[in-house]
Amino acid sequence: MEESLELDAEPYDPRYPVVGFDERPYQLVSEVRQPLPATPGHPVRYDYEYRREGTCHLFMLFQPLQGWRHVKGTARRTAKDFAHGMQARVDVHCPNATLISVALDKLNTHTPAALYEACTPPEARRLRRKLDFRYAPKQGSWLNMAEIECAVLSPQGWDRRLPDQETVCRPTMAWQPQRNAAQATVTWRFTIATARRTLKRLYPSQPLC
């Protein structure tokens, strides 16, 4: 936990940027019957029956100190999808960075091995030397600010039945440039000092040092 908080407290340095990574699944659902249009005194009415159309995933890259985020839709959540996202971070979003610290959850696809599964060994090694994976503690994914940004994204047109990945990503592509232009970010106030005070039950009662 303290390693994650220490990373969040580092000042911005374009040579050593800090980026949060998170992902969200979305259940694709289509209508079986056409909704009834709104009439005076009645909203649009949907039939309770629906058809499942599979799932898609949204990958979120969030750089809070720059107020920048990038969302990408994928059909699946695989190690190769993760690796391609990291490759884009290195070569497209931060081509001049010396080392990129990536805050993320420790899922089975979020490993350096994913780079070798998706790329040739020399390319995977090149990417690995550019990426410093910083995993959030177990049951501590809330320490990753990308998860907070995903929560901001959720209300953007997702409160209805969406049948395919393109329809899911459409409102996201409109939301992203507006939020980047405003440099919207997260005001992070949970520090190491705060953690030691409010979560003291997690620290040893009789320190050895």
Hey, could you check segment 150-171 for residues that are out of contact with any Phe, Trp or Tyr (no Cβ under 9 Å at 6 or more places or on another chain) and under 16 Å from A75 (Cα atoms) and say which is surrounded by the most Cβ atoms within 10 Å (Cβ to Cβ)?
-> C169
Residue that is farthest from G73 (Cα to Cα), among those in segment 172-188 that are assigned to a loop (DSSP other than H, G, I, E, B) and out of contact with any Pro (no Cβ under 8 Å at 6 or more places or on another chain) | T187
All positions within segment 176-209 that are farther than 18 Å from M145 by Cα and either surrounded by 15 or more Cβ atoms within 10 Å (Cβ to Cβ) or among the hydrophobic types (A, V, I, L, M, F, W, C) (or both) = A181, A193, L199, L202, L208, C209
Could you list all residues from segment 128-171 that are within 30 Å of T194 (Cα to Cα) and polar (S, T, N, Q)?
-> Q139, S141, N144, S154
Any idea which of A118, A151, A136, A114 is touching a residue at least 24 places away in the same chain (Cβ under 8 Å) and under 14 Å from the mean Cα position of the chain (by Cα)?
-> A136
So which residues in segment 166-207 are closer than 30 Å to Q27 by Cβ, out of contact with any helix residue (DSSP H, G or I) (no Cβ under 9 Å at 6 or more places or on another chain) and β-branched (V, I, T), if there are any at all?
-> T167, V168
Give just the number: which of (1) surrounded by fewer than 15 Cβ atoms within 10 Å (Cβ to Cβ); (2) under 19 Å from V168 (Cβ atoms) does D81 not satisfy?
-> (1)
For segment 52-73, enumerate the residues that are surrounded by fewer than 22 Cβ atoms within 10 Å (Cβ to Cβ), in a strand (DSSP E or B) and more than 13 Å from the chain's Cα centre (by Cα).
-> R52, E53, G54, T55
So how many residues does segment 75-90 have that are touching a residue at least 24 places away in the same chain (Cβ under 8 Å) and not in a helix (DSSP H, G or I)?
-> 3
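I'd like the full set of residues that are outside any strand (DSSP E or B) and buried (at least 17 other Cβ atoms within 10 Å of the Cβ), limited to segment 91-110.
C94, A97, D105, H110
For segment 16-51, give me the residue count where each residue is aromatic (F, W, Y) and loosely packed, with under 11 Cβ neighbours inside 10 Å. Before the answer, list the steps.
First, pick out the residues of segment 16-51 that are aromatic (F, W, Y): 16, 21, 26, 46, 48, 50.
Okay, now just the ones that are also loosely packed, with under 11 Cβ neighbours inside 10 Å, so 48.
Here the count works out to 1.
We did not get these values from a lab; they are worked out from the coordinates using the rules stated. Just so we're clear, the structure is a prediction, and the values are computed from it rather than from any experiment. Glycine gets a Cβ as well: all are built from the backbone with ideal geometry, and neighbour counts include every protein chain shown.
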